[in-house]
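The values are calculated or read from the model by the stated rules, or taken from the named source; none is laboratory data. Computed from a predicted structure; not experimentally measured. For neighbour counting, all protein chains shown are included, and Cβ atoms are generated from backbone atoms with ideal geometry for every residue, glycine included. Just so you know, the surface numbers come from the protein's heavy atoms only, side chains and all, with ligands and any DNA or RNA stripped out. Shrake-Rupley method; radii C 1.70, N 1.55, O 1.52, S 1.80 Å.
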Amino acid sequence: MLVKEAHQLGKVSLGNSKMPGSTFAQDAFQCGVGSKLREVPGSICSQCNMIRIQKMRPDVDKGYKLNQSKWENCNPQDWIDSMVFQINRLYLRTLQPYHRWFDSGDLADYEQLMSIDMVARLTPQIHHWLPSKEYTLLKEYFLRNIPPKNLVIRPSAPMIDGKPSRHYQNTSTVHKKKAPQGFECRARSRGNMCGPCRACWDEDIANVSYPKH
């Protein structure tokens, strides 16, 4: 596969300098659960940073929307092949074996979740981290599947200062007025960068708590 051909199915990026390795983003305006939570005061999505960035930066908005539409109009196996090719290629460039799914946006549907599962299985040398608020999709997935060891899925609490779900091994929360629960993300003390920390990708860390920006 050529890079140009792979990008026709969505673009994996090195553009998020805050974290190691590669990322994949979609349109935050099209989040399923997130779109409903944006109308709920006190929810994490009611203060969505990525919505603000998409409004401020038309080039970013265009790229995220393209990734979303390309998924919606592609053959899933072709999308899987494209993601595997791009993630492996960027790993060889950076030597950082880490990939984050959805630094903007969220899962479009169950088929995309299963496709990400397959991408992880086909890239066993890469640590994958998938945060999501698409609880219905995640519930169905965990009832039917055991994730590959290199894929850490973290259902995200919907409310600021909310509790992590008790139904999953790995979760994430956001704290503001209350104390962090579990592992506290310290990126803020490092210029809002991961630095040497890889907690989000670590299945042994049950909950990661992020300070509200």
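Points worth noting:
- Calculated [θ] (222 nm, deg cm²/dmol) that DSSP helices of n ≥ 4 give over the chain, each run adding -39,500 (n - 2.57): -11000 deg cm²/dmol
- Isotropic mean projected area of the C-alpha convex hull, the chain (nm²): 11.3 nm²
- Here the stretch 10-26 is scanned for amide nitrogen atoms under 18 Å from the site 7 Å beyond the Cα of residue 95 along Cα-to-Cβ, giving 20-22.
- Remark: C-alpha extents of the stretch 123-194 on the principal axes read 37, 28, 17 Å, sorted largest to smallest.
- Accessible surface ranking that places the most exposed of 56, 118, 19 first, with a 1.4 angstrom probe: 56, 118, 19
- Global form of the stretch 1-62, assessed from the alpha-carbon gyration tensor, a/c cut-off 1.5: prolate
- For the stretch 58-161, the carbon plus sulfur part of the accessible surface works out to 55%, probe radius 1.4 Å.
- Sequence-distant contacts, meaning Cα pairs under 8 Å at least 6 residues apart, place the relative contact order of the stretch 51-121 at 35 percent.
- Around residue 201: net Lys/Arg minus Asp/Glu count, Cβ-Cβ under 11 Å: 0
- Distance between the C-alpha centres of the stretch 154-208 and the stretch 14-91: 20 Å, rounded to the whole angstrom.
- Kyte-Doolittle mean at least -0.5 and Cα axial length at least 20 Å: DSSP H helices in the chain: 76-94
- Largest accessible area first, the residues 141, 91 order themselves as 91, 141 under a 1.4 Å probe with ligands, DNA and RNA left out.
- Estimated at 0.36 nm per residue, the fully extended path between residue 3 and residue 193 surpasses their Cα-Cα distance by 65.6 nm.
- Solvent-accessible area per residue in the chain equals 52 Å², computed with a 1.4 angstrom probe and all protein chains kept.
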